[in-house]
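Below: the structure, in structure tokens.
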Amino acid sequence: MKISKGVLLAGLACFAGSSMAADKLTVYSYRQAFLIEPILAEFTKETGIETQVVFAKDGIAERLQREGRLSPADLVLTSEFSKLMELVDKQLVDKVDSDVLKENIPAQLRSGDDDWYALTVRTRSLYSSKERLGKLDIDYEDLAKPEFKGKICTRSGKHPYNISLVASMIANKGEAEARTWLEGLKANLARKPQGNDRAQVKAVKEGLCDIAIGNSYYFGAMMQNPEQKSWAEAVYINFPNQKNRGTHINVSGMALPKHAPNREQAVKLMEFLASDKAQQAYAEVNMEYPVKVDVKPSEMVASWGEFKADSLPIGKLAEYHGAAVKLLDEVKFDL
């Protein structure tokens, strides 16, 4: 069979491209450039493996579906747990059985099926007005008590952070009790759910409410932002349920795409991201808690005090996600 010069050159180009690809990993990332790029640069320095990053606020799962077997993605980094579950539900990830990852990342913070691993932890905290309430010893359940009527601010119930919180309530208390709680919380809202987590803290500072529901790392971000520092200084950060099950946590994470062209190098990157060096970088830059237990949080985060986390496996939240969304709909939480 005669092979044309054009076809031969094309084949050689593809071979050369695939050989080069082994020395450069493509990362699809929901996480922002300021956090990821310095860590990836350190990985390249240590291993010689270069990386290129495709950043996105949304739509990575859909992109992987469109690309199929031709996808260049070697690793996906997510900003929160629901994005990991979307990848798993759509069967877009592969299992990674790594002793390094299992040693560095506690079982609670990784998939029992080896198809995703957490990288950082954040709490769903309650921020209280220093002026009007002070520091609180509080449970999530207390948010439904009459004493807090008209005093609570939160973002949309349909945001993944709040869906996750409701899912944890269902998992811990049962659906009937979670419904009663959610109805009470809605009755105690100072305004219709709106804005992001930082906007809730701002509302406390402005006297629109006394308690805000928000993720812990935003507290550090506001403290470092000259325009928002006064918002953070007006509140205390509280870790709920310290006398019982512990504070609800969520995670950012990583997963290996099903058709990753450079699997071996991608796993090396995953293991690096779970190492002391990368975990410390995450902790310092984004004010999150490391998943590796012997890596300390940043000095600022440590100043907020220690807390007990809910021991519910993160993967369990996926089992109650649908029930949480349904409950929020039925209660008409955002109306």
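What residue, of Glu206, Glu177, Glu183, is acidic (Asp, Glu) and within 15 Å of Val325 (Cα to Cα)? So that I can check it myself, show each step before the final result.
Values: Glu206 fails: within 15 Å of Val325 (Cα to Cα); Glu177 fails: within 15 Å of Val325 (Cα to Cα).
After applying the criteria, what remains is Glu183.
Give me the residue from region 260-274 that is farther than 16 Å from Glu37 by Cα and not in a helix (DSSP H, G or I) and, out of that set, most open to solvent (accessible area, probe 1.4 Å).
Once the filter is applied, the top-ranked residue is Pro261.
In this structure, does Gly315 turn out to be assigned to a strand (DSSP E or B), of a type outside the set (A, V, I, L, M), surrounded by 19 or more Cβ atoms within 10 Å (Cβ to Cβ) and touching a residue at least 40 places away in the same chain (Cβ under 8 Å)?
On the way: assigned to a strand (DSSP E or B): no; of a type outside the set (A, V, I, L, M): yes; surrounded by 19 or more Cβ atoms within 10 Å (Cβ to Cβ): yes; touching a residue at least 40 places away in the same chain (Cβ under 8 Å): yes.
No, not satisfied.
Determine which single condition Ala167 fails, assuming it passes every other condition in (1) open to solvent by less than 10 Å² (accessible area, probe 1.4 Å); (2) hydrophobic (A, V, I, L, M, F, W, C); (3) over 24 Å from the mean Cα position of the chain (by Cα).
(3)
Please verify whether region 283-302 includes one or more residues that are among the basic types (Lys, Arg) and on the phi > 0 side of the Ramachandran plot.
Here is the first cut: in region 283-302, the ones among the basic types (Lys, Arg) are 292, 296.
Checking which are on the phi > 0 side of the Ramachandran plot leaves us with none.
Among the residues of region 283-302, not one is among the basic types (Lys, Arg) and on the phi > 0 side of the Ramachandran plot, which makes the answer no.
Take the residues of region 225-245 that are closer than 17 Å to Lys135 by Cα and part of a loop (DSSP other than H, G, I, E, B): which is most open to solvent (accessible area, probe 1.4 Å)?
Applying the filter and picking the extreme gives Lys243.
Consider region 184-207. How many of its residues are surrounded by fewer than 16 Cβ atoms within 10 Å (Cβ to Cβ) and farther than 24 Å from Glu80 by Cβ?
Total meeting the criteria: 4.
Mind checking which residues of region 19-39 are part of a helix (DSSP H, G or I), open to solvent by 20 Å² or more (accessible area, probe 1.4 Å), modelled with pLDDT of 90 or more and within 11 Å of Thr51 (Cα to Cα)?
Our first condition is that a residue be part of a helix (DSSP H, G or I); within region 19-39, this holds for 19-21, 33-39.
In the following step, the residues that additionally are open to solvent by 20 Å² or more (accessible area, probe 1.4 Å) were identified as 19-21, 33-34, 37-38.
This time we only want the ones that are modelled with pLDDT of 90 or more, so: 37-38.
Correct list: Glu37 only.
Any idea which residue in region 56-81 is surrounded by the fewest Cβ atoms within 10 Å (Cβ to Cβ), counting only those that are closer than 21 Å to Met287 by Cβ and at pLDDT below 95? Step through it out loud before you land on a result.
Let us first name the residues in region 56-81 that are closer than 21 Å to Met287 by Cβ, namely 57, 77-81.
Narrowing further to those that are at pLDDT below 95: 57, 79-81.
Values: Lys57: 8, Ser79: 19, Glu80: 19, Phe81: 25.
Going through the qualifying residues, I end up with Lys57.
With respect to Arg110, is the statement that it is within 30 Å of Tyr30 (Cβ to Cβ) and surrounded by 22 or more Cβ atoms within 10 Å (Cβ to Cβ) true? I'd like the intermediate steps shown before the answer.
Numbers: within 30 Å of Tyr30 (Cβ to Cβ): yes; surrounded by 22 or more Cβ atoms within 10 Å (Cβ to Cβ): yes.
Considered against the rule, which asks whether it is within 30 Å of Tyr30 (Cβ to Cβ) and surrounded by 22 or more Cβ atoms within 10 Å (Cβ to Cβ), Arg110 comes out as yes.
The values are calculated or read from the model by the stated rules, or taken from the named source; none is laboratory data. Owing to the predicted nature of the structure, the values given are computational and were not obtained by experimental measurement. Neighbour counts run over all protein chains shown; Cβ positions are idealised from the backbone, glycine included. For the accessible areas, the whole protein counts, side chains as well, though only heavy atoms, and no ligand, DNA or RNA atoms are used. Shrake-Rupley method; radii C 1.70, N 1.55, O 1.52, S 1.80 Å.
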